[in-house]
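Right, one structure below, let's go through it.
Since every read-out is calculated from the coordinates, none of them should be taken as a lab result. Keep in mind that what you see is a predicted model, and the values were worked out from it rather than measured. Neighbour counts are summed over all protein chains in view; Cβ atoms, including those assigned to glycine, are modelled from backbone coordinates with ideal geometry.
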Amino acid sequence: MLELVHLSRRFGETLAVDDANLRIEAGEMTGVIGRSGAGKSTLLRLINRLIEPTEGSILADGVNVTRLRGRALREWRARTAMIFQQFNLVNRLDVLTNVLIGGLVRVPAPRMLLRLFTDSERMRAVALLDRLGLLDVAMNRADELSGGQQQRVAIARALMQNPTMLLADEPIASLDPSNAKLVMDALADLNQHDGITVVCNLHTLDMARVYCRRIIGMAAGRIVFDGPPDTLTESALLAIYNETDGAVDERISRLTPKSSTQPILARL
Ligand SMILES: Nc1ncnc2c1ncn2[C@@H]1O[C@H](COP(=O)(O)OP(=O)(O)OP(=O)(O)O)[C@@H](O)[C@H]1O
Ligand SMILES: [Mg+2]
């Protein structure tokens, strides 16, 4: 169980995350939604310790993650693998090597520099590529793949770390609908069959509704909604998407009387 306690992160004048208090149970699949700048990426980066909190703490099964240093910190980062919108593969390397690189987070530096992989690492990487439907392209250069394939390679690479949690920051924002579905299906499968906790920042609400049993809504750094998708009422959506931007407020008020929330969201 992961617990965020009064967690805040300030960048100059901006409170990117403002007093977040959350409990995420092992095995959950949670979607984080909110407008651009709401603090979604900062929240995930805080959990992974890519950035440090200004205040508050993160507890994992009672251990204060915010205090971890050295090897224990590297282990935490491996356990909470991140997936990014832009995949971050090494383009000139083949797919299999890209996946193998994911396993290097725990190996000593000399072996890492020489890129020496053991047979069991290779077998595991191949099995992960097979699981994600990518065996046919294992020897292709990463940049020869479609965006959806590249994101699934990035997921396989993350799985080489043996994570207990996947932190996916807008994993489908650069993908067409069919590739987006393949990637979300892969995340859902890992959640359901392997019990991997998934926290996923999503721009589109429909994807969050379909794939996540819990949705966290952020606005201006604060968590303004936390509940199952069917409790996302129009007023909850206004709290999430209606910040101080007057133009957006006006659009929402013009569109709100039309009962359905979909047209509002399509324009945000
Ligand atoms: N490294 C940084 N330095 C300065 N300000 C930052 C930094 N990272 C984030 N911010 C600011 O913190 C706020 C939250 O940013 P964040 O990237 O977490 O939002 P987001 O919800 O992920 O937005 P998007 O949907 O555009 O990805 C924004 O105002 C942003 O400008
Ligand atoms: Mg972001």
*Given the chain, what percent of its DSSP beta bridges are antiparallel, to the nearest 5?*
50
*If contacts are Cα pairs under 8 angstrom and at least 6 residues apart, what is the relative contact order of the chain in percent?*
25
*Rounded to a whole number, what is D in µm²/s for region 104-222 from Stokes-Einstein with the Kirkwood radius over alpha-carbon pairs (37 °C, 0.692 mPa s)?*
208
_Inter-label distance for ASP226 and ARG79, nm, one decimal - labels placed 7 Å from Cα along Cα-to-Cβ_ = 2.0
*Pick from VAL183, VAL105, VAL199: which is most flexible by mean-square fluctuation in a GNM of the chain where alpha carbon atoms under 10 Å apart are linked?*
VAL105
*Give me the net charge of VAL5's neighbourhood, meaning all other residues with Cβ under 12 Å from the Cβ of VAL5; Lys, Arg count +1, Asp, Glu -1.*
-2
_12 Å beta-carbon shell around LEU166, net charge (K/R +1, D/E -1)_ = -2
*Find the Cα radius of gyration of region 1-98, compare it with 2.2 N^0.38 Å by division, and give the number to two decimals.*
1.18
*Given springs between every Cα pair under 10 Å in a Gaussian network model of the chain, which of ASN48, ASN242, ASN88 has the largest fluctuation?*
ASN88
*Go ahead and estimate [θ] at 222 nm for the chain from helices alone: -39,500 (n - 2.57) per DSSP H run with n ≥ 4, summed, over the residue count, rounded to 500.*
-12000 deg cm²/dmol
*For region 2-232, taking Cα atoms only, what is the radius of gyration to one decimal and the Dmax to the nearest whole Å?*
17.5, 52
*Report the residue, chosen from ILE101, ILE215, ILE172, that carries the largest GNM mean-square fluctuation when the chain is represented by alpha-carbon nodes joined by springs under 10 Å.*
ILE101
